[in-house]
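**Q** I have a structure I would like to understand better, so I am pasting it below and will then ask my questions one at a time.
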Ligand code: F1P
């Protein structure tokens, strides 16, 4: 399937994304600007991760929205849109309405689509386009470009992802009947993306929460055969909450974006096991055009 090759290609695409940003002239936000970041589906979750990272690094107030809920009246200095396809209706309509109001920039894998006519500037990530409907490569490559624009080094991420992509997947992950993903700060966006990936590719039951919310209800479904997957090392003692339930608690030392590669691989492998085509999930198309 295409998804396996696309998952595998992430480290090299992340390096290319860093090079695109290093060249400059992308139209991505300057420090101090008040910024809104928008996307739909996976792209919304990448918007969340970047927005939280940018704001917590002190580079300026940064909000994230799914495009259909964008609050028109707010005085943002710049709008950043993420859309692999360049055809998602809510994104196109929003960018169109922004013309003459504030500068906009869109990260896309297809610059020959209508997004070219409505975005002020484009960040061309066509080298990260995908044939699978389920996004893996484009999503993390867009996030990498955005992280590089914050001054984050990309090489350590790419190197770590290179070793993660050949790890064996434990049987206890492959046979899990439910997974809840957790993360704090920007890793919450990654957790939501992980949950969506598993749902799309495997039709499995997944949930995602900010780590500390886990104690406030979600723990009630924890049971043997289920997994609580924490992005970033567990610094809050959640492992001890999960232990008596019999659920498996999983956390890794790597950057959450690198750990997401494990979940992408798990989703693709599990889809294969269930006889599903991970490239063409039920009820989904490459983009939602109304
Ligand atoms: C966004 C998106 C995907 C989702 C599905 C439908 O597309 O919602 O995240 O997985 O394939 O489209 P795009 O605007 O990034 O092209």
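The values are calculated or read from the model by the stated rules, or taken from the named source; none is laboratory data. What you see is a predicted model; the values in this text were computed from it and never measured. Cβ placement follows ideal geometry from the backbone for every residue including glycine, while neighbour counts extend to all protein chains displayed.
**Q** Could you list, in sequence order, all residues of the range 79-102 that are outside any helix (DSSP H, G or I) and either near the ligand (Cβ under 7 Å from one of its atoms) or surrounded by 15 or more Cβ atoms within 10 Å (Cβ to Cβ) (or both)? Steps first, answer last, please.
**A** We begin by selecting, within the range 79-102, every residue outside any helix (DSSP H, G or I); these are 79-88, 99-102.
Those that are outside any helix (DSSP H, G or I) and either near the ligand (Cβ under 7 Å from one of its atoms) or surrounded by 15 or more Cβ atoms within 10 Å (Cβ to Cβ) (or both): 79, 80, 81, 82, 83, 84, 85, 86, 87, 88, 102.
**Q** Out of 49, 106, report the one residue that is buried (at least 23 other Cβ atoms within 10 Å of the Cβ) and within 11 Å of the ligand (Cβ to nearest atom).
**A** Working: 49 fails: within 11 Å of the ligand (Cβ to nearest atom).
Exactly one residue qualifies, and that residue is 106.
**Q** Let me ask something else about it. Can you tell me which residues in the range 53-71 are crowded, with 19+ Cβ neighbours inside 10 Å and assigned to a helix (DSSP H, G or I)?
**A** Within the range 53-71, 53, 54, 67 qualify.
**Q** What single numbered condition from (1) touching a helix residue (DSSP H, G or I) at 6+ places or on another chain (Cβ under 6 Å); (2) closer than 21 Å to residue 138 by Cβ fails to hold for residue 283?
**A** Evaluating residue 283 over (1) touching a helix residue (DSSP H, G or I) at 6+ places or on another chain (Cβ under 6 Å); (2) closer than 21 Å to residue 138 by Cβ leaves (1) as the failure.
**Q** Just a yes or no: is a residue in the range 232-249 under 26 Å from residue 159 (Cα atoms), within 17 Å of the chain's Cα centre (by Cα) and either touching a residue at least 24 places away in the same chain (Cβ under 8 Å) or surrounded by fewer than 16 Cβ atoms within 10 Å (Cβ to Cβ) (or both)?
**A** Looking only at the range 232-249, we keep the residues that are under 26 Å from residue 159 (Cα atoms), and these are 232-235, 249.
Next, from what is left, pick out any that are within 17 Å of the chain's Cα centre (by Cα): 232.
Next, from what is left, pick out any that are either touching a residue at least 24 places away in the same chain (Cβ under 8 Å) or surrounded by fewer than 16 Cβ atoms within 10 Å (Cβ to Cβ) (or both): 232.
Scanning the range 232-249, I find at least one residue that is under 26 Å from residue 159 (Cα atoms), within 17 Å of the chain's Cα centre (by Cα) and either touching a residue at least 24 places away in the same chain (Cβ under 8 Å) or surrounded by fewer than 16 Cβ atoms within 10 Å (Cβ to Cβ) (or both), so the answer is yes.
**Q** Next question, about the same structure. Exactly one condition in (1) in the same structural domain as residue 242 (by TED's automatic domain parsing); (2) modelled with pLDDT of 95 or more; (3) over 21 Å from residue 84 (Cα atoms) is not met by residue 204; state its number.
**A** (2)
**Q** Check the range 14-37 and report whether any residue there is within 16 Å of the ligand (Cβ to nearest atom), at pLDDT 95 or above, buried (at least 17 other Cβ atoms within 10 Å of the Cβ) and part of a helix (DSSP H, G or I).
**A** yes
**Q** May I pose another question? Quick one: count up the residues across the range 110-122 that are within 21 Å of the chain's Cα centre (by Cα) and either over 26 Å from residue 55 (Cβ atoms) or surrounded by fewer than 17 Cβ atoms within 10 Å (Cβ to Cβ) (or both).
**A** First, pick out the residues of the range 110-122 that are within 21 Å of the chain's Cα centre (by Cα): 110-111, 115, 122.
Filter once more, keeping what is either over 26 Å from residue 55 (Cβ atoms) or surrounded by fewer than 17 Cβ atoms within 10 Å (Cβ to Cβ) (or both): 110-111.
Of the residues in the range 110-122, 2 are within 21 Å of the chain's Cα centre (by Cα) and either over 26 Å from residue 55 (Cβ atoms) or surrounded by fewer than 17 Cβ atoms within 10 Å (Cβ to Cβ) (or both).
Here's the yes/no breakdown for (1) surrounded by 18 or more Cβ atoms within 10 Å (Cβ to Cβ); (2) under 22 Å from the mean Cα position of the chain (by Cα); (3) assigned to a helix (DSSP H, G or I); (4) touching a residue at least 60 places away in the same chain (Cβ under 8 Å):
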position: 215; (1), (2), (3), (4): no, no, yes, no
position: 257; (1), (2), (3), (4): yes, yes, yes, yes
position: 261; (1), (2), (3), (4): yes, yes, yes, yes
position: 266; (1), (2), (3), (4): yes, yes, yes, yes
position: 270; (1), (2), (3), (4): yes, yes, yes, yes
position: 277; (1), (2), (3), (4): no, yes, no, yes
position: 283; (1), (2), (3), (4): no, yes, no, no
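**Q** Sticking with this structure for a sec: With the requirement that a residue be touching a helix residue (DSSP H, G or I) at 6+ places or on another chain (Cβ under 8 Å) and more than 14 Å from residue 141 (Cβ to Cβ), what does the range 12-25 give you?
**A** Within the range 12-25, just 22 meets the criteria.
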